């Protein structure tokens with residue numbers, strides 16, 4: 001008796017058109033097993049229906065032929081059908097309880113179903129051969145229609161399994177056609193001929209039905225494949241999105257932590273340099289201070305440009321190559337790092353200062369500054385060497401040290417943001433300080449100039465960082481600029497009272513010296529709590545400040561806004577205020593408008609601070 005679709009010899013068990021889809025073997029196996037399980041499940045799903053149909057056909061046949069055929073033959077036929085029904089019932093329950101969808105297991109279940117289907121064809125063919133001669137015209141017609149109805153009903157179930165369908169029909173109809181034609185008279189031969197024609201038409205319809213069904217199966221399989229592929233791509237896209245979010249959060253943390261801390265000492269240096277200029281009338285000292293102020297100006301631009309790693313990643317930092325002499329950078333590095341190296345008992349040496357490069361001098365200097373700083377920091381004894389020499393038509397810049405070195409397993413991680421070499425007994429507390437950003441910046445800057453950074457290191461013996469740059473021509477001589485043009489404008493703050501709240505001691509001390517040098521009276525506080533305590537005990541009229549200069553980020557999560565609000569509540573809402581911050585990532589413009597203060601980003605050069613104070617107090621330069 002017919003059952004459900006499943007693959008045959010021309011369509012192997014579990015076969016799906018997975019070729020060319022790019023699926024890996026594990027995915028294709030999963031798809032194959034899934035398709036096979038679905039097809040065999042469809043076959044077994046029809047078993048209860050076909051069993052009921054068989055019972056109906058048996059009842060009709062027995063009702064027609066019970067009194068006409070020999071009783072022994074009828075009983076034997078019924079016993080065969082009962083055994084077939086019992087076997088199918090057992091198979092159905094076992095299939096529902098199966099635990100495996102492996103290809104071999106499914107093939108066994110399919111073969112069992114196919115065997116019972118062919119046995120059903122044999123039993124109905126046997127009925128046609130033995131029962132047909134005993135009936136009259138009505139009984140014979142009923143038997144023909146019953147058997148043929150099973151063949152037509154099996155078309156929907158068995159046509160996808162075309163071999164099984166042809167065998168089932170042959171087992172049912174061949175005995176019937178032969179038995180009808182056996183008398184040899186014309187009417188019976190004509191009837192047999194009609195049955196053969198009908199059988200042929202049925203086969204043609206089954207082929208057409210099978211072709212349409214195979215197209216539907218292929219569409220379903222392809223849809224399943226696309227669904228799996230879509231899920232994989234969706235999962236990959238989600239993973240990529242999450243990685244991007246993690247990277248973006250890491251970048252935000254980088255700027256929040258680094259920008260403020262790195263700008264603080266630079267800000268203090270500018271303030272102390274201006275205070276020194278005011279206290280000395282020596283022309284040489286004035287020129288030195290002017291040079292310091294120029295360096296502060298340059299470093300301010302450098303911080304603003306290079307700390308923004310997001311702009312580096314997105315191409316927001318322009319690389320401007322020019323011809324320059326590497327000795328200019330070496331002189332700056334020597335001036336900056338030689339005292340530090342001397343204090344540690346290290347020799348700081350430079351080789352190859354005569355070479356000319358064609359690159360961005362600001363980025364090259366930034367890279368070398370980071371590398372030299374790290375080399376001195378992690379070298380306890382020996383030498384730090386900065387060299388420039390020819391190599392394969394280019395210039396090879398290297399920073400050598402005789403420091404603690406880097407273990408091989410750490411070398412691939414040290415260029416990652418926020419990564420620091422794990423704790424080691426060979427590292428001092430000073431060497432373990434920091435956020436782990438210097439080498440991350442160096443690698444990105446070198447990448448911008450298309451000059452990958454390389455590292456060789458031996459633990460306990462030292463390290464060497466290298467990168468190559470194109471050779472350049474001798475730079476054009478620049479006319480020295482006037483020293484006086486860089487001096488800040490004059491400003492007097494006589495009889496002005498300014499309150500400073502700053503938690504960085506160096507910056508606070510620099511502001512005190514500078515403001516007093518301009519003639520102001522200064523009250524400075526380290527914390528928001530100290531400033532509020534002072535305000536509560538101060539005379540609201542006699543000790544009213546003319547101006548507040550406060551840092552944004554203070555101790556224990558307090559902000560300068562709290563200080564401004566507290567002091568204005570005590571001395572009046574019209575009191576002017578300047579907010580100074582080292583953070584470039586947080587948007588303070590809205591807060592400045594809401595709380596009526598002006599914002600300055602560290603490092604603030606004295607000229608800019610002087611101009612802002614004059615604006616807030618309505619004081620003109622020089623008066």
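Summary table
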{"item": "Ordering of 602-609, 50-57, 228-235, 591-598 by burial proxy (mean other Cβ atoms within 10 Å per residue, highest first)", "result": "602-609, 50-57, 591-598, 228-235"}
{"item": "Length released on extending from residue 108 to residue 471, taking residue separation times 0.36 nm less the Cα-Cα span", "result": "123.1 nm"}
{"item": "Point-to-point label distance, residue 211-residue 530, nm (Cα→Cβ direction, 7 Å offset)", "result": "9.5 nm"}
{"item": "Inter-probe distance in nm under a simple model that places probes 7 Å from Cα toward Cβ, at residue 598 and residue 411", "result": "5.4 nm"}
{"item": "Convex hull of Cα atoms in region 25-182, direction-averaged projection (nm²)", "result": "9.7 nm²"}
{"item": "Centre separation in Å (Cα based) which lies between region 520-549 and region 341-365", "result": "47 Å"}
{"item": "Computed label-point distance, nm, for sites residue 344 and residue 118 using a 7 Å Cα→Cβ extension", "result": "8.7 nm"}
{"item": "Two-site FRET efficiency, residue 516 against residue 287, from Cβ-Cβ distance with R₀ of 25 Å, rounded to 0.05", "result": "0.60"}
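Bear in mind that the values in this text are calculations on the coordinates, not laboratory data. This one's a predicted model, so the numbers in the text were calculated from it and none came from an experiment. All Cβ positions, even for glycine, are placed from backbone atoms using ideal geometry, and neighbour counts span all protein chains on display.
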